[in-house]
Structures are given as C-alpha cells and as structure tokens.
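So the structure is just underneath, and the comments pick up after that.
The values are calculated or read from the model by the stated rules, or taken from the named source; none is laboratory data. All figures in this text were calculated on a predicted structure; none of them were measured in a lab. Cβ placement follows ideal geometry from the backbone for every residue including glycine, while neighbour counts extend to all protein chains displayed.
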Number of protein chains: 2
Amino acid sequence: MSERTPESTREQGARPTISDVALAAGVSKSTVSRALNPEHRFFRSPSAARIREIAEGVGYEPNPVAANLRRQQTNTFGVLVPRLTDTVMAMFYEEAASACTRRGYHALVATSHDEPELERENGRMLLGRRVDGLILTTARTEGGFCQELLERGVPHVLAMRTFGDSAAAVGDDRLGGYLATRHLLDLGHRRIALVAGPAYASSALGRRAGYEDALREAGLPAVVLPSTFSMESGEDAGRALLALDPRPTAVFAVNDNTAVGLLSAVQRAGVRVPEELSVVGYNDIPLAARLPVPLTTIRVPFTEIAGAAVDLLIDAGAGVPGTTRRFAPTLIPRGTTLRVR
Amino acid sequence: MSERTPESTREQGARPTISDVALAAGVSKSTVSRALNPEHRFFRSPSAARIREIAEGVGYEPNPVAANLRRQQTNTFGVLVPRLTDTVMAMFYEEAASACTRRGYHALVATSHDEPELERENGRMLLGRRVDGLILTTARTEGGFCQELLERGVPHVLAMRTFGDSAAAVGDDRLGGYLATRHLLDLGHRRIALVAGPAYASSALGRRAGYEDALREAGLPAVVLPSTFSMESGEDAGRALLALDPRPTAVFAVNDNTAVGLLSAVQRAGVRVPEELSVVGYNDIPLAARLPVPLTTIRVPFTEIAGAAVDLLIDAGAGVPGTTRRFAPTLIPRGTTLRVR
DNA sequence: AACGATGAGGGAATCGGTTGCACAACGGTA
DNA sequence: TACCGTTGTGCAACCGATTCCCTCATCGTT
C-alpha cells in the first residue's frame, strides 16, 4: 500500500512525516519533535528554528491522529446541544467553538433533540471518539446523562442549564425573569401571564422563579401557560392566552421562539401588539430586532457563558467540582411592550 | 504515567484495550481484531461471537484514534458552512450529519462567515485534522478554496452552491426562481422586484436567472435590488423598494432571511402585506410559517441534497468528477401573496 | 494415501508521532 | 583540575489498533 523506497523518501503526493523532516535536517525524529513543540526548552534555539524552516520547506504538517494516540488526549471537547436549528443553540455553539479555538482546543458538536435517549447515545458517541471533556446545554432536572457523567467521573461542564453537582456556566435566569416581569409591572401591567417553558430545563424554571418573585413583590397572582421551547408551542400558548378571561394585558415568554409563535397566533386573531398586549421574550436572537414589531427581550451574554464553560473545563483542577458561574442578562426594551393607559 | 502490572492487567478506571480482551479470551490481538470486524470472514464464526461477548464483558470499547492512525483514514467528513446561526445552514448541517451517520461516517463542522480568508483557514484546519473529505456550502463564483481543493486533488463535494468542476448536490435554483416569479405573475402582478442576493453565490445567481426567465416569458422588465443573504440587507432592500416609483406590487426575495428583513421594513413603514405588497421567500425555514403573516416561500429538499452530497463523496470513484445532482424545489403558497384586483 | 483448498489464528511490523533515559559537550565554579 | 549544572541530541519504547505473512489443522477429492 504505502510504497516507500528503502531510503524512506516517499512518492509524490504522500504527505511528509516527521521522519522525512528528520532525514532532510540530518537529525533524529525526537529532535524534530522537540523543535516543533513550543513547550519544550529546545524550541527556542537556533537549530530548532532551522529545523522548523526545513519542515516548512518540505511541506510538513504534523498528524494529530498520531499525536493524539501517544498523548492519550485529543485536544477536543464534545459539545452536546438539543439542536442547531434553534438559533440560541447555534449562537452558543459558535461561541463555544471559538472559545475552544482561543484555548487551543477543537469542538465537536452533536445533538440530543431534547430526548434523553438520543442525548445518551450521542454523548457516548462523543466519548467514544475520545474527546477530553464535554460541554452540555442539554441538562435535565431529572439528571439523565449528566448523572452518568458524574458517576463515571468524566470531565464535563454544563452550560445554560444546570443539574446537581456538575460545574456550570449559566445566565442568571431568575434575574432575567425578574427583569422581564418588572419591566411589565413598571409599565403598569397588572395581569401578566407567563409562557412557562418545559419543566425539565433549569433555565425555564429559573425564569419562572424570577417572574414569580416580581409578581409576589407586587402582590399579584401568577398566570402560567405551559409550553416547550418551540415556536409551535408558543402558538398554542397564544391561543390559550386569548381564551383567558379576563385576558392578560402582558405576557413574558420563556424564550424568543415561543414569543414569536405567540405573536403569530395573537396577531392572526386580530390582537394588536403592543396596544392590546405587551410581550417580552428571552435571548435576543437576531430575529427579535427584525420582527415587524421589534421584540422586547432579555439579552444573554452567550460569549461570556461559553468562554466560562471552556475555562471551567480546562482548569477543572483549579475549580471546585460544583462551581457555578452565573452571568447577568440585560433587558432590551423594544416595540412589543407599551405602558398601560 | 500508565501503570500496568507485568501481566498487562490494568488499574481500575483505565479503559481496557484490545490486548486486555485478547488476554481474557486467551487469543491474540489479531484474532480479537478480526472478531470485532464485521467485514472479516471470521466475524461470523462461533468463536468470534464468544470473543465479542468477552469484549463486552470487560467493557471494551475500541479506540478510534489508534484505528484511524493505522488505517490512514478517520471516517470523518468536514463540513464547511458560512454560519450555523443561519437556520438554513443549521438545517443543512443537521441533515448532512445524519446522512454521514447513516453511512457510517462522522461529521465535523466549521464556519467561514462567507469570508474567503476564514474559509481557507478553517478548511485547512479540517484537512489538518485528517478528515477523509469535505462538504462545502461555501462555494464562490470566483473559486477560492474550492479551486485549491481541485488543484490539490482533495476529495470534496459542494452543496447548495456550485463552482467549476467540483461534484455538487444542489437545489434547482433556477427552477425555484421561476416558480416563485411565475406564482406572482399568475396572481396578476406586473411589477415584480427581486431582492437579488450576493453575486458570489451560484444559488443567488440561479434564482435570479429563474426570475428573469419568467419575466422575459411574460414580456416584463426586471427590477433588481442588491442584497446579501442577511436580514439586515433585507431591511435595506425593503427601504429601497419603498423608494421606487412606480412601486412594485410584488417582490421575490432570494431567501427567507431577506424576506423577513424586507417585511419588517415595509410593514414598519405602514405598507400592508399582502394587500399592498406580495412577498415570496426561499428555503421555507421553520419561522416562515410562523410569521404574523405566514410567508409564501419555496421549499428546498435539504434532506435529499445533504444525502446526495454524502453519497457523492463516498462513491467518488463511481461518479464522474463534475457530477451535479440537482433537486427540484416546490412552492409553498401562504399568506404573503395575494391576487391583484 | 496424497494433495490442494479452506479456515483459524498467531507473530510481528506498522501507522506517526512523543517522551523517558542516557550520554556527550561545554562553561562556570570551588 | 575536579565537579556540577545546563544544553543538545539520539535511541528505543510506547500509544492501540490493523493487517501482512505464515503455520497448522481439517476436510473433501481423486
């Protein structure tokens, strides 16, 4: 298969290996390896520089597969998200991938579709590919795969959602929920509904807690509409809202997706936003600012969260196991919220 | 570092290797390897089954890094997309990843942000990680990285967009553009504008050609508004459209993103859709059906395109280099288009 | 009874790096 | 001058599979 002449020169087209560089430079493989490794003392030495030039000259590119095998690590983190077609998750993943790159790692993504079975399967697949750690935004309050990771002692960090003792980097959902609700209260609203989001996600629970904090503070009752994170369920929630009597004058949706679905449903039913109904979303996806009526929402610092997740994973030794880094969100007032008259 | 006793049994926690299985089964590594390889004759033999049971029993999981090194292939395809935060690209990637899985491959994604420089950099990164081939949706009419792949003889296939002689799996953009425009013509529109999309993308060019075909057929003039693929540029195009005199009664946008931006801009200016302006998008992203006025659009068979791309890459030997597989899109009439009265 | 075909299975090389250990050369210090 | 620390470098083992090349036993044929 691999045809090499006795002298270990190689046919055209085959990639040069470290041995070829060694041959060309008249030194041993070990020396070349050290000349190429910035961590090694030898790296900063004139002859190392010469070797690097020769390596460059013959078009040498190190084979990470071989290095990974010997080093017993891949310099790669697996990232498990529910789905990439959810803009929030795509944003998070892009940030996570670039945080990895900054720290000299690679990212490998897989999806769970919020199904525990698929989460487990794809999580194991990532581990099977020998990633050095896992970043997951798929945590569920019942544990599931996280639990398994904890038990097996696999390095991992949760992001966006938390569970148990795992290290985590999250937005302050409770604060965000409070901010959103507070904004509506400040505009004079007294009947404020919540599109709750799924009970398996700590993020949805946190936002709900913030919503309830604000209402309790104001001495007002909570009105909770069940939902998942999807646009469809936002539509359902919108229809449910219209059936309420008395109808709420404002609604806080667990995320922008459900807000979009809800807007779609209520506007189609002839309800004017924001005149007859104020709406606040969550996440500030790019679309939010570009809806026909721009959506008031909560902005989450994804860049910081993703960066912190990667940091926690890399500096695992430094951090206490149960470390949680929490980042404050901010309210972005736009067109879908209006003062009550 | 790795502490193993002379007998090659290993401490708790360390993963068992093929040697451990061999030891436990009383056979050689080669035999275990063959017992685990479904391609090998020996695989279907009672003792192979016994070995597999033992492997399972000791919790053996093959190390793909070692196998990749020896086999000189990674069973992984690199997928290069402009950005994952564009729902269309996220949809495509998810389909591509699952097509890879079906065929026993893995997918590794990277982004170009439609910048030739970053495309080249990340493309090389994927190649450096020793992927077996590349799927790219980033092709530009000027060539760029595709050109380099062609010259270096790297196995690759383009998707969604084409360039030169590279194999490709695409939607029939010309047909899609024709369908969209034809639909507007059939509704009686006579002044139909185009939000053109970037000139570097063959997809945008194809849709434009279809648009021009239909208008030529009807003996009507083209009205072309420049744009990229982004929502922002859709807003710009919307404002440009409003400035036109006489104002078009309909517009075909190169994709749903620009359509959303355009809708946002014109509705904010008080133009009623569809009564005063009909709009057709392209791609049928999930959001399209859930806009306050559901968007008429062209549905693209992403599943088929992604599957074909993977097939072309795997069966590269079978297909002629320049093979292009083209899939027909379909019109999805919804709320943003109305008959002229 | 001899022979070839077939299948099972072992030994060892191999993929392409990394790294522990050893040693030589050199400069500085006591 | 003897000794020691530093630096440069090579040898060889190693990571965990896969696969080529054999050997050996078994079985069916003529």
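If residue A:248 satisfies every condition in (1) at pLDDT 95 or above; (2) farther than 30 Å from residue A:147 by Cα; (3) in a helix (DSSP H, G or I) but one, which is the exception?
Unmet condition: (3).
How many residues, within the stretch B:20-30, are near DNA strand C (Cβ under 10 Å from one of its atoms) and within 11 Å of residue B:60 (Cβ to Cβ)?
First, pick out the residues of the stretch B:20-30 that are near DNA strand C (Cβ under 10 Å from one of its atoms): B:22, B:25-30.
Now restrict to residues that are within 11 Å of residue B:60 (Cβ to Cβ): B:22, B:25.
The qualifying residues number 2.
Residues are listed down the side, and each one gets a yes or a no for (1) within 11 Å of DNA strand C (Cβ to nearest atom); (2) within 14 Å of chain B (Cβ to nearest Cβ); (3) modelled with pLDDT of 95 or more:
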| position | (1), (2), (3) |
| --- | --- |
| A:6 | yes, no, no |
| A:10 | yes, yes, no |
| A:14 | yes, yes, no |
| A:17 | yes, yes, yes |
| A:32 | yes, no, yes |
| A:35 | yes, no, yes |
| A:42 | yes, no, no |
| A:45 | no, no, no |
| A:52 | no, no, yes |
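Kindly evaluate residue B:57 against the criterion of being of a type outside the set (S, T, N, Q), out of contact with any helix residue (DSSP H, G or I) (no Cβ under 8 Å at 6 or more places or on another chain) and more than 11 Å from DNA strand D (Cβ to nearest atom). Give the derivation first.
Numbers: of a type outside the set (S, T, N, Q): yes; out of contact with any helix residue (DSSP H, G or I) (no Cβ under 8 Å at 6 or more places or on another chain): no; more than 11 Å from DNA strand D (Cβ to nearest atom): yes.
Spelling it out, it is not the case that residue B:57 is of a type outside the set (S, T, N, Q), out of contact with any helix residue (DSSP H, G or I) (no Cβ under 8 Å at 6 or more places or on another chain) and more than 11 Å from DNA strand D (Cβ to nearest atom).
Determine, yes or no, whether residue A:39 is within 16 Å of DNA strand D (Cβ to nearest atom), in a loop (DSSP other than H, G, I, E, B) and not polar (S, T, N, Q).
yes
Within the stretch B:277-307, can you find the residues that are in a loop (DSSP other than H, G, I, E, B) and within 12 Å of chain A (Cβ to nearest Cβ)?
Initial filter on the stretch B:277-307 (in a loop (DSSP other than H, G, I, E, B)): B:277, B:281-282, B:284-285, B:291-295, B:300-301.
Selection gives B:285, B:291, B:292, B:293, B:294, B:295.
Might you check whether a residue that is of a type outside the set (Asp, Glu), in contact with a helix residue (DSSP H, G or I) (Cβ under 7 Å, 6 or more places away or on another chain) and surrounded by fewer than 24 Cβ atoms within 10 Å (Cβ to Cβ) occurs anywhere in the stretch A:258-265?
yes
If I filter the stretch A:242-257 down to residues being of a type outside the set (Val, Ile, Thr) and surrounded by fewer than 22 Cβ atoms within 10 Å (Cβ to Cβ), which single residue comes out as nearest to the other protein chains (Cβ to nearest Cβ)?
A:242
Which one of the conditions (1) closer than 18 Å to residue A:156 by Cβ; (2) within 12 Å of DNA strand C (Cβ to nearest atom) does residue A:68 fail to meet, given that it meets all the rest?
Just one mismatch for residue A:68, condition (1).
Is at least one residue of the stretch A:107-119 within 25 Å of residue B:70 (Cα to Cα), in contact (Cβ under 8 Å) with a residue 60 or more places away in the chain and of a type outside the set (Ser, Thr, Tyr)?
There is no residue in the stretch A:107-119 that is within 25 Å of residue B:70 (Cα to Cα), in contact (Cβ under 8 Å) with a residue 60 or more places away in the chain and of a type outside the set (Ser, Thr, Tyr).
Considering (1) in contact with a Gly (Cβ under 7 Å, 6 or more places away or on another chain); (2) buried (at least 24 other Cβ atoms within 10 Å of the Cβ), say which one residue B:163 fails and leave the rest.
In the conditions (1) in contact with a Gly (Cβ under 7 Å, 6 or more places away or on another chain); (2) buried (at least 24 other Cβ atoms within 10 Å of the Cβ), residue B:163 misses (2) alone.
Looking at the stretch A:264-285, which of its residues are under 11 Å from residue A:241 (Cβ atoms) and small (Gly, Ala, Ser)?
Here is the first cut: in the stretch A:264-285, the residues under 11 Å from residue A:241 (Cβ atoms) are A:265-266, A:269, A:271, A:277, A:279.
Selection gives A:265, A:269.
Which is free of Cβ contacts under 8 Å to residues at least 24 places away in the same chain and either within 30 Å of residue B:164 (Cα to Cα) or not small (Gly, Ala, Ser) (or both), of B:246, B:221, B:274?
Matching residue, one of B:246, B:221, B:274: B:221.
Is it fair to say residue A:198 is part of a loop (DSSP other than H, G, I, E, B) and either within 26 Å of residue A:304 (Cβ to Cβ) or β-branched (Val, Ile, Thr) (or both)?
Criteria met by residue A:198.
Can you spot a residue in the stretch A:269-276 that is touching a helix residue (DSSP H, G or I) at 6+ places or on another chain (Cβ under 7 Å) and not in a loop (DSSP other than H, G, I, E, B)?
Looking through the stretch A:269-276, none of the residues is touching a helix residue (DSSP H, G or I) at 6+ places or on another chain (Cβ under 7 Å) and not in a loop (DSSP other than H, G, I, E, B).
Would you mind telling me which numbered condition in (1) in contact with a Gly (Cβ under 9 Å, 6 or more places away or on another chain); (2) touching a residue at least 24 places away in the same chain (Cβ under 8 Å); (3) surrounded by fewer than 21 Cβ atoms within 10 Å (Cβ to Cβ) residue B:143 fails?
Unmet for residue B:143, out of (1) in contact with a Gly (Cβ under 9 Å, 6 or more places away or on another chain); (2) touching a residue at least 24 places away in the same chain (Cβ under 8 Å); (3) surrounded by fewer than 21 Cβ atoms within 10 Å (Cβ to Cβ): (2).
Output yes when any residue across the stretch B:66-80 is touching a helix residue (DSSP H, G or I) at 6+ places or on another chain (Cβ under 9 Å), surrounded by 19 or more Cβ atoms within 10 Å (Cβ to Cβ) and within 26 Å of residue B:288 (Cβ to Cβ), and no when none is.
yes
With the condition being within 10 Å of chain B (Cβ to nearest Cβ), I'd like the helices (runs of 4 or more DSSP H) fully within the stretch A:58-171 carrying at least 3 qualifying residues.
Passing ranges, in order: A:64-71, A:87-102, A:116-128.
Give me the pairs: first residue in the stretch A:310-326 and within 20 Å of residue A:75 (Cα to Cα), second residue in a loop (DSSP other than H, G, I, E, B) and at pLDDT below 70, beta-carbon distance under 8 Å, and six or more apart or on different chains, which are they?
These pairs meet every condition: A:312/A:319.
Between a residue in the stretch B:24-48 that is within 19 Å of residue B:64 (Cα to Cα) and any residue that is within 8 Å of DNA strand C (Cβ to nearest atom) and of a type in the set (Phe, Trp, Tyr), which pairs come within a Cβ distance under 8 Å, given they are 6 or more apart or on different chains?
B:31/B:42; B:34/B:42; B:35/B:42
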